[in-house]
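*Asks:* Below you will find the structure I want to go over with you.
No value in this document is a laboratory result; all are computed from the given coordinates. Given the structure is predicted, the values throughout are model-derived calculations rather than measurements. With ideal geometry, Cβ positions are generated from the backbone for all residues, glycine too; neighbour counts draw on all protein chains shown.
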Amino acid sequence: MSRWAAVLALVFIVGRGQGTSAESPILAPASERFADDAGPETPDFQRHVSPLLGRLGCNGRACHGSFQGQGGFRLSLFGYDFAADHAALTTGVGQEKAPRIDRRDPAASLIVAKPTMRRDHEGDRRFDEGSWQERLLLRWIEAGAKSASPVRRLLRLRVEPTELVLTRQDIFRLQVVAEWEDDTREDVTCLCRFQTNDDGIATVNDTGVVRAVGEGDTHVVVFYDNGVAALPVIVPLPGAGGAAPNAEPGAGQIDQLIAAKLHKLGLVPSSVCGDAEFLRRASLDITGTLPTPAEVERFLADHSAAKRSAKVDELLKTSAYAAWWANRLCDYTGNNPGRQPDGPIGQQQAFQWRAWLHRRIAENAPYDELVAGIVLATGRSAGQTYDDYAREMSSYLRKQDPGDFAARETLPYYWARRNLEKPEDKALAFAHSFLGVQLQCAQCHKHPYDRWTQTDFKHFAGFFNGVKLGVAPESRTAFERIASAAGQPADASKPAPVSQEAAARAEEGQVVAWRELYVDAAQVSRGDQRLLGDSVRVESGGDPRAVVMQWMRQPENRYFARAFVNRVWANYFHAGLIEPVDDLNLANPPSNGPLLDYLTEGFVSSKYDMRWLHREIATSLAYQRSWVPNTTNAGDRRNFSRTIPRRLHAEVLYDAWKQTVASDGDLVTVRGNLERRAIGELATRMAGVYSHRIFGQPERLVACDCERSNSPSLLQAIFVQNDPLMYARLNESGWLEEIGARLADGIADNDPVPGDLIRQAYLRTVSRPPTAAETDAAARYFDESESLGEGLKDLLWALLNSKEFLLNH
Amino acid sequence: MTYHPTSRREFIKVGVLGAGLTLAESLRLKAAEPRPVAERSAILVFLKGGPSHQDMFDLKPEAPAEYRGEFRPIATNVPGVEICEHLPQLARLADKYVILRSVSHNLADHGLGSRYLLTGNRPTPVLRYPVYGSVVSKVLSSPQDLPAYVAIDEDLEGPGFLGAAYGALATGERPRFGRPFSVRGITLDEGLTLSRFDRRRKLADEVDTAFRGFESLDDHVAGLDRFSRQAYEIISSKRSREAFDLTREKQVVIDRFGREEAGQSMLLACRLIEAGVRFVTVIVDGWDTHNNNFRELKTTLLPQFDRGFSALLETLEDRRVLDSTAVLCTGEFGRTPKVNGGAGRDHWARAMFSVFAGGKLGGQALGRTDATAAEPVDEAYTPDDVAATFLHQIGIDPHSEFPATSGRPVQLVRDGNVIKAIAS
């Protein structure tokens, strides 16, 4: 995979952080400088006019930012297309060509006459006659209505203060200073847009006045030019403050960072949960699997101090851990059988994809290497001939002695997916899979929550321009020879997917022709390129994807490692540190930034050791908190002072149903045979079937983690109470059959004892022994039942319907 | 129209776009679209496979034999409107439906075409749009003891970006006369009585103590609790059990619908709507007539459809729910104008039909196709327009917006306009 490395030279042009040595004075706000009819200073299109129009809402989606414009006037959505916006104002666009300014009679300009309602305006009054806003626009027109050329770079948007701690009903006026690359600094508070991320905690009005309305924490986000700044706002509980509590015994770095935040908020964490609860939780989160009754009993009987961390280590070595995480990575990378390059064998290719990931997770390959194997994938490996490639690909289908796909150096199917033919679609998928970024917005207009513009998107998509599924020029002869020998369409300029017939030949051991993933050098954009905020250089002859990969591996990269750390965190808690997990943007900061930084840096310096990351999280006290709230933290959802119960994932639940009813003898296979596990090979087979659809298993058709859902619903409740599949589980239960056989054999000594059965039923489902009261209640129910077997079946049904079973808690 | 956002992804990103008009409002102003009518229940009859438009509702008796096929048109009870001779029952009822003859698109593939017609949006890899029934489940309220949206027998496309909570209760099979019909999730297991189910339920209440007192603490705890109670209500409710029980119908009604799956499914749809279910999808399979188009239509497909669909309209009317129900019958595309070598017709999306009924609609045939039913002439309608009109008939603004992937506001129907000649 490193065949490009030799020809690559990666140049990072230093961008941010070149601070000014002697800070320049801060210019007064535009509302003061342009409050008079005339003055020496001219308002600037980029710095003043355009932000003002944004602030007033003119370029919003419901107004002139709409793609059709409004009333014959169209602005770029959320601004930043200065040329188009300037043209729209000064000359007009489209058929009507109606300029919005009048140079001879500035006061008659529509851009002031309409928002002051001197002329009829569907968007109502936006400012008053004689206001500074009107004067700013008039003075810009009077001075010649110049455009923003060249566009200047905003270095930083500085918000004072950097963190706001308020008590309820407090108000605070923000000050925002823009720092430009030419060293000028300006108070732009009156030109910013403001937004709160949770108006239950703090509100912000359009002049930047923050009001605390409820306890908790959130961010107020400020927008100006292409700058986005998020200010943490903390509203502690009454009585918070005072000296920081001593560190709890066993608290590591994660816990100290969480404790620091909780202290600010006045929250006290819940106590550490019991052993049975911990075992169930850790087994579900690490391996997607319930513990067995025997495992629960052993764990409860173990009195060693380090048993929890030892259990975490043990779970991380199971193949179920690799299966569950291969399944999650299949989600992030979009492994769907219907989208594989070769339709008739889509299901096999989906299995190969899963197996490739599974192998690397089982071997704990560094995450960056795993990703490089996907990002830099090519059909042929370095130096491989087309003949060898065709032989290799055919061998994976071979019935006798099949080749080992997981041993392949790279996974070519990610880029070869049928719904990813266009470079734009590749860019969107890539940003989602590996950067945790949603770029769709920037495809058509400036991203509303980050600094990315359409230009950034175009450059980014350019990196994937030459990535092709077809036949590389040097492979043509060999392709055509093999294809005609195998009776396949043999035109290398129009190569077809492998057909059912060709696949059948390959199964019999024949070599058939395959399309290959390759980089078409002719289509690669070379030279200096923008890469999501950074600048890089693509040298001729190189694979531009390698530049992207190298960029991701820079320690200062803000997305690659963070996105994965955040997703892993979200697996163990109900939410990511950044939520939604795949929406990293400047307006959506983490709930605990230092914690995300700590884990990201640790993950990078561990050389992307996935097990390190899992272990660090799963052995923290934060992960071991009880869900039971205390008097302070019932409302906490983002600061991890307690566990938030969450419904089991579709696949985990499906497997758990099977496991809870299996005979003791079958337990090992039911848990261990990954071919029959919904978290294993069944995952791609079952995505889309009724049960998996209603329980929210993703079909991996769109680039969004939100495709997976574990919210409860009515149909799910109907399903667990009354679906034929649930009845089949109970009616065909190996365990219930065993009990039935013992009851029927007439040997009284062999009859099961109700108390034992009740204990087993609890251990199998909710992974803990029943209390004495629960045992008594169930025994009474058995007495009133037709038979012990029927009573037990009802008890199992009741347990499978309990919240304690359906939730991970 | 705005809706209360539920998840956080929805929550943080909504309402950022500032005051003023909502997009739906401004679009409506621009297009001068009619405002939505009062809320109605709805039935979608989906003729899966691509029904032959020129052999059903758009016959071309003047076309050359290899185009016009084997069937002749007959008059209906609406002067000037003719339909196929093998739809005699429907011919009596043309005053109760509107035929849209010039629906046109270009996705002549079952998967893509179905996705288009079932969601009203051209398929895109970026976003999965919801089916109409999921939209109804999300937007309109429905009785506690009934599912909001039932699909007979499966939900072909799903709830898309609205989320799994708004999927259909899929019956899993279609009712057939004379055989026991079990509905997934509604019918109790064989041998399980309602009293035993009740007893189990009481046991479950006794067992489910871990979160007692904390039921409203977290979304998932509260959700499981609420939905579990509602599910029990539905499963044990007399109304819902009876709605699904076709044996309660008089023999004459059963026979009026026809004893085949198509008719019995429509009878079930009728009963469900009557009971209070908000949306029912009926999938009628078998319309992909690449071979023996005429024999298949004449002997099986058309008689069954004629009986079933006419009985549906009449029975809804008899039971006084036709006015309060919007009905749409459509396939994913039409079929090739020219008959192929196997006496069949292949996929053809440039011309197809959709039929609207319910409300106070009826007595119209809108749109025309050319001499061989190959292309619309004059005004053509898109599947988006069909969807917008259907949602409008149900009482939902087709341009209302919901937060989709990463909170981006998305209109239910991106490109369609309500067909004013139909809207009521």
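*Asks:* FRET efficiency for A:A772 and A:E732, Cβ-Cβ distance as r, R0 = 35 Å, nearest 0.05?
*Replies:* About 0.65, to the nearest 0.05.
*Asks:* Do you know the relative contact order of segment B:69-202, to the nearest whole percent, from alpha carbon pairs under 8 angstrom that are 6+ apart?
*Replies:* 13 percent.
*Asks:* Ok, one more. Taking only the alpha carbons of segment A:382-509, what extent do you get along each of the three principal axes, in Å, biggest first?
*Replies:* 55, 29, 29
*Asks:* Send over the Kirkwood Rh of segment A:434-478, from the inverse of the averaged 1/r over different Cα pairs, rounded to one decimal Å.
*Replies:* Final number for the Kirkwood radius of segment A:434-478 is 12.7 Å.
*Asks:* What is segment B:297-353 by shape, rounded, prolate or oblate, if you read a ≥ b ≥ c off the alpha carbon gyration tensor as root eigenvalues and call it rounded for a/c under 1.5, prolate for a/b larger than b/c, and oblate otherwise?
*Replies:* Judged from the Cα gyration tensor, segment B:297-353 comes out oblate (a/c at least 1.5, b/c at or above a/b).
*Asks:* Quote the charge dipole size of segment A:598-721 about the Cα centre in Debye, to the nearest 20; the model charges only the Cβ of Lys and Arg (+1) and of Asp and Glu (-1).
*Replies:* 240
*Asks:* Considering all alpha-carbon pairs of segment A:404-476, what whole percent are spaced by more than 19 angstrom?
*Replies:* 44
*Asks:* In degrees, nearest 10, range 0 to 90: what is the angle between the Cα axis of helix A:754-765 and the longest Cα principal axis of chain A?
*Replies:* So the helix axis and the longest Cα principal axis differ by about 30 degrees.
*Asks:* Å³ per residue of the Cα convex hull, for segment B:186-256?
*Replies:* Looking at segment B:186-256, the number lands at 115 Å³ per residue.
*Asks:* Starting from the coordinates of the alpha-carbon atoms of segment B:274-424, obtain the Kirkwood hydrodynamic radius over all distinct pairs and give the value in Å to one decimal.
*Replies:* Its Kirkwood hydrodynamic radius stands at 17.6 Å.
*Asks:* Which lysines does A:K468 reach when only Cα atoms under 23 Å apart count, and residues fewer than 8 places away in its own chain are ignored?
*Replies:* The reachable lysines, counting only those whose Cα sits under 23 Å from A:K468, are A:K422, A:K426, A:K458, A:K494.
*Asks:* Positive end of the charge dipole of the protein assembly as shown (Lys, Arg +1 and Asp, Glu -1 on Cβ, about the Cα centre): tell me which of A:M552, A:H121, A:G57 has its Cα farthest that way.
*Replies:* Farthest towards the positive end: A:H121.
*Asks:* Now a separate question. Compute the longest continuous run of chain B that contains no exposed trypsin sites (Lys or Arg not before Pro); treat a site as exposed when its DSSP state is not H, G, I, E or B and it has at most 11 other Cβ atoms within 10 Å.
*Replies:* With trypsin sites (Lys or Arg not before Pro) excluded where exposed in loops, chain B gives B:1-211 as its longest stretch.
*Asks:* Is the C-alpha gyration tensor of chain B telling us rounded, prolate or oblate? Criteria: a/c under 1.5 is rounded; beyond that, a/b larger than b/c is prolate, otherwise oblate.
*Replies:* In terms of gyration-tensor shape, oblate.
*Asks:* Would you calculate, for chain A, the mean residue ellipticity at 222 nm contributed by helices, counting each DSSP H stretch of 4 or more residues as -39,500 (n - 2.57) and dividing by all residues, to the nearest 500?
*Replies:* Rounded to the nearest 500, the figure is -11000 deg cm²/dmol.
*Asks:* Aspartates and glutamates within cross-link reach of B:K338: Cα-Cα under 16 Å, excluding same-chain residues under 8 positions apart?
*Replies:* B:D55, B:D58, B:E62, B:E66, B:E70, B:D288, B:D346, B:D370, B:E375
*Asks:* Taking the alpha-carbon set of segment A:280-438, what are its Rg and Dmax in Å?
*Replies:* Rg then Dmax for segment A:280-438, in Å: 18.9, 61.
*Asks:* Once a ≥ b ≥ c are taken as the square roots of the eigenvalues of the Cα gyration tensor of the protein assembly as shown, is the result rounded (a/c under 1.5), prolate (a/b larger than b/c) or oblate (a/b not larger than b/c)?
*Replies:* rounded
*Asks:* Now a separate question. Pick out, from A:L621, A:L577, A:L648, the residue whose Cα sits farthest towards the positive end of the charge dipole of segment A:564-673, with +1 on the Cβ of Lys and Arg and -1 on the Cβ of Asp and Glu.
*Replies:* Projecting each Cα onto the dipole axis, the largest value belongs to A:L621.
*Asks:* Calculate how many DSSP beta bridges within the protein assembly as shown are antiparallel, expressed in % of all such bridges and rounded to the nearest 5.
*Replies:* 70
*Asks:* Working from the pairwise distances between different alpha carbons, so that the mean of 1/r is found and then inverted, what is segment A:601-713's Kirkwood radius in Å?
*Replies:* One over the average 1/r among Cα pairs gives 17.1 Å for segment A:601-713.
*Asks:* Also, quick follow-up: Which of the aspartates and glutamates could be linked to A:K658 by a straight reach, that is with a Cα gap under 12 Å, when you skip same-chain ones fewer than 8 residues away?
*Replies:* A:K658 reaches A:D666, A:E732.
*Asks:* What value in Å³ per residue do you get for the convex hull of the alpha-carbon atoms in segment B:91-202?
*Replies:* Cα-based convex hull of segment B:91-202, divided per residue, equals 205 Å³.
*Asks:* Can you give the charge dipole size of the protein assembly as shown about its Cα centre, rounded to the nearest 20 debye, using +1 on the beta carbon of Lys and Arg and -1 on the beta carbon of Asp and Glu?
*Replies:* 1280
*Asks:* Once the dipole of chain A is set up with Lys and Arg at +1 and Asp and Glu at -1 on Cβ about the Cα centre, which of A:G688, A:F719, A:L89 lies farthest towards its positive end?
*Replies:* A:L89
*Asks:* Right, something else. Relative contact order for chain A using alpha-carbon pairs under 8 Å, separation at least 6, rounded to a whole percent?
*Replies:* 13
*Asks:* If you don't mind, another one. Can you check how the C-alpha radius of gyration of segment A:712-809 compares to 2.2 N^0.38 Å, as a plain ratio?
*Replies:* Ratio of Cα Rg to 2.2 N^0.38 Å: 1.12.
*Asks:* Something else now. Would you kindly state the longest site-free stretch of chain B, with sites defined as GluC sites (Glu not before Pro) in a DSSP loop (not H, G, I, E, B) surrounded by at most 12 other Cβ atoms within 10 Å?
*Replies:* B:191-378
*Asks:* Please identify the trypsin sites (Lys or Arg not before Pro) of segment A:395-500 that satisfy two criteria: DSSP loop assignment and at most 11 other Cβ atoms within 10 Å. Which are they?
*Replies:* Here the sparse-neighbourhood loop sites are A:K399.
*Asks:* Any idea what the dipole of segment A:341-396 comes to, in debye rounded to 20, about its Cα centre with Lys/Arg Cβ at +1 and Asp/Glu Cβ at -1?
*Replies:* Using Cβ point charges on Lys, Arg, Asp and Glu, segment A:341-396 gives about 140 debye.
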